[in-house]
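*Asks:* One structure is given below, represented as structure tokens, and several questions about it will come after.
Bear in mind these aren't lab numbers, they're just calculated from the coordinates by the rules spelled out. Computed from a predicted model, the values in this text were never measured in an experiment. All Cβ positions, glycine included, derive from the backbone under ideal geometry; neighbour counts span all protein chains shown.
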Amino acid sequence: MVNSYKMTRAAELEALPIFRDFLDSVCKEHGIGSEFRYDLKLAMDEACTNIITHGYAGMNPGSIMMEVQFQPSHIRLSITDFGLAFEPVETAAPDVNALLEDRVASGFGLYFIYQTMDEVEYRTTVDCNMLTLVKRRHAPDAA
Amino acid sequence: MEITEKDVDGVAILSFSGSLDALTSPEATDYLEACISNGKNQIVADLAAVDFISSAGLRVVLTAMKQTRLAGGDFRLAALPDGVHKVIAMAGFTSILKIYDDAESASSSFRK
Amino acid sequence: MPTSNPEHKRRVALVIGAGSIKCAAALGLQKSLYQAGISIDMVVGCSGGSLYAALIALGTETEEAERLTHALWTRELTKKRSISALLKTVAPRIFGFDENFGLIDDSLILSRLKAAYGEQTFTEARIPLYIVATDFETGEKVILEKGRLRDAIRASIAIPFIFKPWRFQDRLLMDGFMSDPLPVDVAIKEGADLIIALGFDSPYQTRIDSSPRFAFQVTTIMANHLLTSNFAFHNLAHHTEVIPVVPEFDRRIRAFDSDELHYIIEQGEKAMNEQIPYVQRLLGTQ
């Protein structure tokens, strides 16, 4: 069975359901349960939404490349884009005067990624930004 | 995303289907704002057929909740699928919103 | 954006957060609101606040409520150590350590709650009353709104390590301050427009020379942080304003300083009086 799948789309909001459906179907093929699939789609959707709305702000939308790898112990999602790097320093100081409604979308997005994934790694090079998300297939036993 | 509307004793029951994400949420917000502007401030959102919600969808919920309450009504949720419930709960919204098992009990809750 | 409907009657909630004896300031708030002709449409209480939330909901006169508190909340409550808890700690297997753990013997508080609230239930409350506790097994916040008041209160004040958890309506319950020290979210959910929130940062111990004091200190640190973050979120999530009422005390009030009761109520009244014109403006009555 193939263990790695790739998809590339222009960074537009219309790509969100396409990425989600793609992720859902390959996960189904690998027998991944619905709750687990939802978590993966949520984290991927939040990450891509952020790239689409902020990463390519003020320029023509470039690409988002998604790769899903199935391993016996975990699933690895890699999301690569070529836009502006995510600036954790700036996001750490949110605009407290903005409406909560406006902050919900961006604030909860990252929070949901951390809540649903076991490992989150962000790397940025001169060429691209790459977010790697890992979710373990079997949760380690609670201590 | 699709929204169908029906009126039960002055309560607007909006059934959403599909996804509530960054792509569809502006449309959902517009629809709800139009409802509230037309004087419907007792709204039930039946989410049984919603297969996906992200933080962008939460923004829709929060906006509708505040606007209906400002108008003296309320925005209540019904029939949350597991994934949708998880997202609502992770955000802490279960403690500030009224949530029911089905649209019927949500709409009758307005009559109590 | 739709504007607020002027015909809609604004519902006022009084939320009394955790704060031990300081929660008695709620009686001062009630007095001040009554004098200003502002009716309270619902009361929410958590931990120490549940004692006063219940009294206010029952329609108890301020003087009577003060008298009841004098009889109820004194330092003796934490004087008597639970011998079985000590034995269970030293030899958990022999004495059968279980979830019913509390360092203090709770027989005195039980008899005092019985004397103050008798067999009254939530149905006897004149205005909707909600008491917040925490499910010890699942960690969930639990909103109590039916059953015997003294059971709900006993659950809501089950200070961790100090008083053992309380089984009520098939759940093992602990102090509400562990999940929601100032439960304004309950008032938001129940449709309150104007929320008057009486909340306190819990005081830190001046010395730590006993296991109960050590336990108090640990839980206080966590609860104070939880209070800050919950309040910030709920305040922003509410469609109108949450009005915090913060009585000022010129001296340190400890958890069981019942001698200070009168002063606490006065300071509560004073703090509320300062907010009355603002509340009236929001209610459109001035």
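*Asks:* For the protein assembly as shown, build the charge dipole from Cβ charges (+1 Lys, Arg; -1 Asp, Glu) around the Cα centre, then report which of A:Ala10, B:Val44, C:Thr121 sits farthest towards its positive end.
*Replies:* So the residue we want is C:Thr121.
*Asks:* Pop out the ³J(HN,Hα) list for segment B:56-67 in order, Karplus 6.51 cos²θ - 1.76 cosθ + 1.60 with θ = phi - 60°, rounded to Hz; leave Gly and Pro as x.
*Replies:* Values, residue by residue: 5, x, 5, 4, 4, 4, 5, 4, 5, 4, 5, 5 Hz.
*Asks:* Sticking with this one: Could you give me the ³J(HN,Hα) list for segment A:58-75, computed from phi with Karplus coefficients 6.51, -1.76, 1.60 and θ = phi - 60°, whole Hz, x at Gly and Pro?
*Replies:* x, 9, 5, x, x, 9, 10, 10, 10, 10, 10, 10, 9, 10, x, 8, 7, 10
*Asks:* Rounded to whole Å, give me the distance from the Cα center of segment A:12-48 to that of segment C:171-205.
*Replies:* Going from one Cα centre to the other spans 38 Å.
*Asks:* Rounded if a/c is under 1.5, else prolate if a/b beats b/c, else oblate: with a ≥ b ≥ c from the C-alpha gyration tensor eigenvalues square-rooted, which is segment A:3-136?
*Replies:* Details: a/c = 1.75, a/b = 1.43, b/c = 1.22.
Prolate is the answer for segment A:3-136, as a/c is 1.5 or above and a/b outweighs b/c.
*Asks:* Normalised by the number of residues in segment A:3-136, what is the relative contact order in percent for Cα pairs under 8 Å and 6+ residues apart?
*Replies:* Over segment A:3-136, the number comes to 28 percent.
*Asks:* Between C:Ser50, C:Ser107, C:Ser20, which gets the highest mean-square fluctuation from a Gaussian network model of chain C, Cα cutoff 10 Å?
*Replies:* Among C:Ser50, C:Ser107, C:Ser20, the largest GNM mean-square fluctuation belongs to C:Ser107.
*Asks:* Which lysines, if any, have their Cα less than 23 Å from the Cα of C:Lys79, not counting same-chain residues under 8 positions apart?
*Replies:* Hits, sequence-local ones excluded: C:Lys22, C:Lys88, C:Lys114, C:Lys164.
*Asks:* Give the lysines whose C-alpha is closer than 27 Å to that of B:Lys112, dropping any in the same chain fewer than 8 places away, or say none.
*Replies:* List returned: B:Lys6, B:Lys40, B:Lys66, B:Lys98, C:Lys9, C:Lys141, C:Lys146, C:Lys189.
*Asks:* Could you list B:Asp46, C:Asp135 so that the one with the fewest beta carbons within 10 Å of its beta carbon is first and the one with the most is last?
*Replies:* Listing B:Asp46, C:Asp135 from fewest to most nearby Cβ atoms yields C:Asp135, B:Asp46.
*Asks:* If you don't mind, there's one more thing I want to ask. If you place +1 on the Cβ of every Lys and Arg, -1 on the Cβ of every Asp and Glu, and leave all else neutral, what size is the dipole of the protein assembly as shown about its Cα centre, to the nearest 20 Debye?
*Replies:* The calculation lands at about 1700 debye.
*Asks:* Please report the antiparallel percentage of the DSSP beta bridges confined to chain C, to the nearest 5.
*Replies:* On the way: 12 of 29 bridges.
If we restrict to bridges inside chain C, about 40 percent are antiparallel.
*Asks:* Over 47 Å apart: what share of the alpha carbon pairs of the protein assembly as shown falls there, rounded to a whole percent?
*Replies:* On the way: 30073 of 146070 pairs.
Percentage above 47 Å: 21.
*Asks:* Just to be sure I understand the model, the point goes 7 Å from the Cα along the line to the Cβ. What's the resulting C:Thr285 to A:Glu35 distance in nm?
*Replies:* Between C:Thr285 and A:Glu35, the label points sit 4.9 nm apart.
*Asks:* Who wins for biggest fluctuation among C:Ser111, C:Ser202, C:Ser47 in a Gaussian network model of chain C, springs between alpha carbons below 10 Å?
*Replies:* Result for chain C, Cα springs under 10 Å: C:Ser111 fluctuates most.
*Asks:* I need the phi-derived Karplus couplings for segment C:133-143: 6.51 cos²θ - 1.76 cosθ + 1.60, θ = phi - 60°, integer Hz, Gly and Pro marked x.
*Replies:* 9, 10, 6, 5, 7, 9, x, 5, 6, 10, 9
*Asks:* For each of C:Arg154, C:Arg11, count neighbouring Cβ atoms within 10 Å of the residue's Cβ, then give the residues from fewest to most.
*Replies:* Details: C:Arg154 25, C:Arg11 18.
Listing C:Arg154, C:Arg11 from fewest to most nearby Cβ atoms yields C:Arg11, C:Arg154.
*Asks:* Give me the lysines in straight-line cross-link reach of A:Lys28: C-alpha distance below 19 Å, same-chain residues under 8 apart excluded.
*Replies:* A:Lys6, A:Lys41, A:Lys135
*Asks:* Arranged from highest to lowest average of other beta-carbon atoms within 10 Å per residue, in what order do the peptides A:67-74, C:254-261 appear?
*Replies:* C:254-261, A:67-74
*Asks:* Report, to one decimal in Å, the Kirkwood hydrodynamic radius for chain C based on all distinct Cα pairs.
*Replies:* 19.2 Å
*Asks:* Still on this structure, I have one more. How big is the dipole moment of segment C:88-207 about its Cα centre under a simple scheme where the beta carbon of each Lys and Arg is +1, that of each Asp and Glu is -1, and everything else is neutral? Debye, nearest 20, please.
*Replies:* 460 debye
*Asks:* Could you check which residue among C:Val12, C:Val43, C:Val184 shows the biggest mean-square fluctuation in a GNM of chain C with a 10 Å Cα cutoff?
*Replies:* Maximum fluctuation in the GNM of chain C, among the listed residues, is at C:Val12.
*Asks:* Shifting gears a bit: Roughly how crowded by other chains is peptide C:40-48, in terms of the mean Cβ count from those chains within 10 Å of each of its Cβ atoms?
*Replies:* Working: counts 0, 0, 0, 0, 0, 0, 0, 0, 0.
If you average over the peptide's residues, the count of other-chain Cβ atoms is 0.
*Asks:* Moving on to the next point. Which is farthest toward the positive dipole end of the protein assembly as shown among C:Tyr34, A:Tyr56, B:Val60, measuring Cα position about the Cα centre, with Cβ charges +1 (Lys, Arg) and -1 (Asp, Glu)?
*Replies:* Result: C:Tyr34, furthest along the dipole toward the positive end.
*Asks:* Mean projection of the alpha-carbon convex hull of segment B:2-111 over all orientations, in nm²?
*Replies:* Over all viewing directions, segment B:2-111 projects a mean Cα-hull area of 5.8 nm².
*Asks:* Starting with the fewest neighbours, write out C:Lys79, C:Lys189 ranked by other beta-carbon atoms found within 10 Å of each beta-carbon.
*Replies:* Going from sparsest to densest Cβ surroundings: C:Lys79, C:Lys189.
*Asks:* For the protein assembly as shown, what proportion of DSSP beta bridges, expressed in % and rounded to the nearest 5, is antiparallel?
*Replies:* Around 60 percent of the beta bridges assigned by DSSP in the protein assembly as shown are antiparallel ones.
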